[in-house]
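Trainee: One structure, pasted below without further comment.
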Amino acid sequence: MMGLVAAERRDTLKVSNSDTLLSIFIPTTPNPTSGFLVLTPDSEVIETNYTVEEAFKFIVSSGIVGKQLGTSDGATVPVPSDDPAPAERRPQTSEQPTPPPLRVTQQT
């Protein structure tokens, strides 16, 4: 999932082990005017090197348009392969892991 950090809040309800929670808006694709709001500890978020504009291009295009994901510290985020091999030649897995929400920050 890719989301945009809207705010950082104190965890006054103690719903996590963290003192703070991030409010993250996860827009739907291809219409990002609707979506979901989640609260999660900062430790569950991977900050990317996408600008807000790049993130919305990625979301509106359903993931077709976008650069290689990387973290703000320069590490590469694992993403599915662009392997053009037919589906029957790709390895089959019984369980697909759910990636954590991604933190997008605007670079100036």
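Trainee: Taking 0.36 nm per residue of sequence separation and subtracting the Cα-Cα distance, how much length would be gained by fully extending the chain between Ser18 and Ser62, in nm to one decimal?
Mentor: Stretched out fully, the Ser18 to Ser62 stretch lengthens by 12.6 nm.
Trainee: Please rank Asp42, Asp19, fewest neighbouring Cβ atoms within 10 Å first, as an exposure proxy.
Mentor: By the 10 Å Cβ count, ascending, the order reads Asp19, Asp42.
Trainee: Could you state, as a whole-number percent, how many of the C-alpha pairs of the range 11-50 are farther apart than 10 Å? Each step should come with its number before you reach the end.
Mentor: Working: 565 of 780 pairs.
It works out to 72 percent of all Cα pairs.
All of the numbers you see were taken from the coordinates with simple rules; none came from a lab. Everything quoted here is computed from the prediction, not taken from an experiment. Because the Cβ atoms are built from the backbone with ideal geometry, glycine has one as well, and the counts that use them run over all protein chains shown.
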